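Since every read-out is calculated from the coordinates, none of them should be taken as a lab result. None of these values were measured; they are calculated from a predicted model. Don't worry about glycine lacking a Cβ; one is built from the backbone with ideal geometry, like all the others, and counts go over all protein chains shown.
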Amino acid sequence: MDNLLRKTILCGIILVLVYLVFFIFFDKTIDQWVFNNYSDTWLNHLGEYISYLATGSFIKFGITCAFIVILICDSGLEKQWTRLLLYICLSVSLAIIIGEGFKYLLGRHRPVMLFDKNLYGLHFFSSNWELNSTPSGHTIRAFSLFTALSLLFQRFAFIFISIAVIIGISRVIVTAHFPSDVLFGAFIGTFTAIWTYKYYFKTQI
C-alpha cells in the first residue's frame, strides 16, 4: 500500500474516533462554556478578526484572481511561479469542494442552534446554513492554503501551520463551530494539499 495512503487512512480512522468522542462528550460543553464566558469580549472580537483571514469570499476571490493572472501571464505554465500558484489554487479549490460536500451530507447544527433552540446533532443532506457546521469551512481553507505553502516553502512551515491552527481555534472562540468541526476541517485541508502536491509534482511523499 502507498505510504501516503496508509497515513491518510490511519489519520482518518483516528479523526473519526476523536470526532465521535468530542461529538458525544465534549463539543456541547466546550462551546457552551465559551459562549457563557467569552461572548462579546475582547477575545471574541479578536477571534472574529482572525477568522477574516480565511473568509470564504476573500479566499474564493483570491483564487479567481490567481487563475486569471495565470491565464494572462503564463497560460502554458512555463514559469515556475505560475506552476506553484496553480498548485496552491488547486489545493484550496479541491479542499473547498470536498468540505462543501461533507457539509451538505452531514448537515450538523451550528452552535447557535444549541444556544437559541437547544438543538444538537446531524440532519443529513441539508444546504441550510444553520445545518452546515461540520467540517469548518474557514479551517479547511486555512489548512489547505497554509499546508500548500508549507510544502513549497518548508523552512517557514511552522509559521504557516501556526497561522492555520490559530484560525481554527478562532472558529471555536467565536462559537461558529464545535471543536470536532475544526479538527475535521484541518484533516481535509491538510491531506487535500498533500495529495494534490503528490500528484501535481509527481513526487513520493
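Overview of values
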item	result
Between helix 3-21 and the chain: long-axis angle, C-alpha atoms, 0 to 90°, nearest 10	10 degrees
Distance (nanometres) between label positions extended 7 Å along Cα→Cβ at residue 42 and residue 100	3.9 nm
Ordering of 124-134, 12-22 by packing [mean C-beta count within 10 Å, highest first]	124-134, 12-22
Distance violations [Cα-Cα > 30 Å] among 79/103; 7/79; 103/198	79/103; 7/79
Separation of alpha-carbon centers, segment 53-96 and segment 120-175, rounded to whole Å	19 Å
Most mobile of 173, 24, 188 in a GNM of the chain (Cα contacts under 10 Å)	24
Backbone HN-Hα couplings from phi across segment 79-96 [Karplus 6.51/-1.76/1.60, Hz, Gly and Pro as x]	9, 5, 5, 6, 5, 5, 5, 5, 4, 4, 4, 5, 4, 5, 4, 5, 5, 4
3J(HN,Hα) from dihedral phi, segment 163-175, Karplus parametrisation 6.51/-1.76/1.60, rounded to Hz, x for glycine, proline	4, 4, 5, 4, 4, x, 4, 4, 5, 7, 4, 8, 6
Under the Karplus curve 6.51 cos²θ - 1.76 cosθ + 1.60, θ = phi - 60°, whole-Hz ³J(HN,Hα) for segment 46-62, x wherever Gly or Pro sits	4, x, 5, 5, 5, 4, 4, 4, 10, 4, x, 5, 5, 5, 5, 5, x
Volume per residue that the Cα convex hull of the chain spans, once the total is divided by residue count, Å³	129 Å³
Helix 137-152 vs. the chain, principal-axis angle (Cα, 0 to 90°, nearest 10)	30 degrees
